[in-house]
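See structure below.
The values are calculated or read from the model by the stated rules, or taken from the named source; none is laboratory data. Small disclaimer: the values here were computed from a predicted structure and weren't measured. Here the Cβ positions follow ideal geometry from the backbone for every residue, glycine too, while neighbour counts run over all protein chains shown. All accessible areas refer to the heavy atoms of the entire protein, side chains included, with ligands and DNA or RNA removed. Shrake-Rupley method; radii C 1.70, N 1.55, O 1.52, S 1.80 Å.
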Amino acid sequence: METLTLKSPFDMHLHLRDGEMLENIIKYTAQNFASALVMPNLELPIVSVDLAVAYKQRILEACKKQGIEDFMPLMSLYLTPSLTEVELRKAKELGIFILKLYPKGATTGSQSGVKEVLDSKILEILEIAESLGMVLSIHGESNGFVMEREVEFHPVFEVLGKSFPKLRIIFEHLSDYRSVALVEKYENLFATLTLHHMLLSLDSVAGGMLNPHYFCKPILKTKKDQEALLQVALSGHSKFSFGSDSAPHLRSTKEQKGAAGIFSAPILLPLLVQTFESNRALEKLETFISYNASKIYQLPLSKKNVRLCKKPMIVPQECYGVVPMLAGETLEWSVA
């Protein structure tokens, strides 16, 4: 196969930042995806509908400057105990139907996150969200030992899955093979998978010289975890959709401060096609990046198609001061 057209690709977990960074990196996603779920953990978190609407406008303006008019950002609200029913209803009316729950201190921009997820006030908010048909996306980690944080968070998913059977709950960037069975256990529980958790392991971070550009949260885990997630994606499993968790940090921030996040946006579609083709599962790729997201989040498929061709792509060493995943390597496919 020399060319491939993908219908309405979705990225259901994306960090775009703001200001100059947003304007520099938006093209890598907006050119190649029909839509993306934008995370709300900015320096000033998106904790209100007005902030979400304003942020969406900044994203669309940044797209327009790049000449891109066929990309739709999906906005999310940062879940805090101060969210009211009035605000939730206002959000739903404006098409903002996704709440993002960060356990306090679990990852970048989670300082304003929820300290006690099962607190009565949070449960009250989730009951309202369930009645409104909203979606709850969760960074599912405890503050325990770094390799066990995801599994330690399983009991919270269990409680929420049982307590809110009509609330669609998303296990964001699932990274541990033991979490797959949990997602399958509850009808209302789904998950996103990142490309880096499917292709990399902890060896990529610390197997040789320390590589801060592959440090992320949840942390890359074992080869067993990586292979299990890859097989789930290749199967087109209906409860899993693609969410890149592409998260740009300047080189200086990664190398001097060890910020968590992998910037994968420039290579996502070419590397996904290469990965699925090499595993003889190319027929499942559109299911993973288009149809599953459409069903799970109840999103209409866009008319946007993205064509790729079998032409080598050299991954840049740096993109506006940010080091991308696989920097300097050559991929087999390119976006046409």
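To put it simply, the accessible area of region 282-336 at a 1.4 Å probe is 50 percent carbon and sulfur. Based on Cα contacts under 8 Å between residues 6+ apart, region 4-143 shows a relative contact order of 21 percent. Based on Cα contacts under 8 Å between residues 6+ apart, region 3-335 shows a relative contact order of 19 percent. Calculated mean residue ellipticity at 222 nm for the chain: -10000 deg cm²/dmol, from DSSP H runs with n ≥ 4 weighted as -39500 (n - 2.57), summed, divided by the residue count and rounded to 500. Projecting label points 7 angstrom from Cα along Cα→Cβ for GLU93 and GLU61 puts them 2.5 nm apart. Residues of region 312-336 with an amide N closer than 13 Å to a point placed 7 Å from the Cα of LYS304 along the Cα-to-Cβ direction: none. Positive end of the charge dipole of region 3-335 (Lys, Arg +1 and Asp, Glu -1 on Cβ, about the Cα centre): tell me which of GLY236, LEU51, VAL114 has its Cα farthest that way. My answer, from the dipole projection, is GLY236.
Highest-first packing order for the peptide set 81-94, 148-161, 238-251 is 238-251, 148-161, 81-94, based on the mean count of other beta carbon atoms within 10 Å. Of the peptides 289-301, 166-178, 260-272, the ranking by mean beta-carbon count within 10 Å, highest at the top, reads 260-272, 166-178, 289-301. Ordering 96-104, 59-67, 9-17 by mean Cβ neighbour count within 10 Å, with the highest value first, yields 9-17, 96-104, 59-67. Karplus-derived 3J(HN,Hα) values for region 202-208, using 6.51 cos²θ - 1.76 cosθ + 1.60 with θ = phi - 60°, are 4, 4, 5, 8, 10, x, x Hz; glycine and proline are entered as x.
First compute the accessible area of region 163-223 with a 1.4 Å probe, then give the percent of it belonging to carbon and sulfur atoms.
For region 163-223, the apolar C and S fraction of the accessible surface comes to 59 percent.
Summing charges over all other residues whose Cβ lies under 13 Å from the Cβ of ARG17, with Lys and Arg as +1 and Asp and Glu as -1, gives -3. Positive end of the dipole of the chain (Cβ unit charges, origin at the Cα centre): among ALA129, ALA265, GLN226, the Cα lying farthest that way belongs to ALA265. Note: relative contact order over region 18-77, using C-alpha pairs below 8 Å and six or more positions apart, is 50 percent.
Calculated accessible area for region 3-335 comes out at 41 Å² per residue, all protein chains present (probe 1.4 Å; ligands, DNA, RNA ignored).
What is the extension gain from LYS166 to GLU85, computed as 0.36 nm multiplied by their sequence separation minus the C-alpha to C-alpha distance, in nm to one decimal?
Values: separation 81, 0.36 × 81 = 29.16 nm, distance 1.76 nm.
The LYS166-GLU85 span can extend by a further 27.4 nm.
In this structure, the amide hydrogen of MET325, modeled 1.01 Å from its nitrogen in the peptide plane, lies closer than 5 angstrom to those of PHE263, SER264, counting only residues at least 5 positions away or on a different chain.
Pairs over the 30 Å Cα-Cα cut-off, from the set LYS64/LYS92; LYS90/LYS185; LYS100/LYS224: LYS90/LYS185. The charge dipole of the chain, taken about its Cα centre with unit charges on the Cβ of Lys, Arg, Asp and Glu (plus for the first two, minus for the last two), comes to roughly 460 debye. Using a ≥ b ≥ c from the Cα gyration tensor of region 1-99 (square roots of the eigenvalues), is it rounded, prolate or oblate, where a/c under 1.5 gives rounded and otherwise the larger of a/b and b/c decides, a/b for prolate? Prolate is the answer for region 1-99, as a/c is 1.5 or above and a/b outweighs b/c.
Looking only at region 3-335, where both bridge partners belong to it, what percent of the DSSP beta bridges are antiparallel (to the nearest 5)?
25
Counting only protein heavy atoms and a 1.4 Å probe, tell me what percentage of region 94-136's accessible area is made up of carbon and sulfur.
Numbers: 880 of 1730 Å².
Carbon with sulfur: 51 percent of the solvent-accessible area.
Between TYR320 and MET1, residue separation times 0.36 nm minus the direct Cα-Cα distance comes to 111.5 nm.
Under 1.5 on a/c is rounded, so check that first for region 47-117, then, if it is not, pick prolate when a/b is larger than b/c and oblate when it is not; a ≥ b ≥ c are the square roots of the alpha carbon gyration tensor eigenvalues. The shape class here is oblate.
Classify region 113-189: rounded, prolate or oblate, from the alpha-carbon gyration tensor (a ≥ b ≥ c, eigenvalue square roots; a/c under 1.5 rounded; otherwise prolate if a/b is larger than b/c)?
It comes out oblate by the Cα gyration axes.
Taking label points 7 Å from Cα along the Cα-to-Cβ direction, LYS257 and MET147 give a separation of 2.9 nm.
The gain in end-to-end length when the ASP70 to ARG280 segment is fully stretched comes to 72.5 nm, 0.36 nm per residue minus the alpha carbon separation.
Rounded to two decimals, what is the ratio between the C-alpha radius of gyration of the chain and 2.2 N^0.38 Å?
0.93
Taking Lys and Arg as +1 and Asp and Glu as -1, the other residues whose beta-carbon sits under 13 Å from that of GLU152 total -3.
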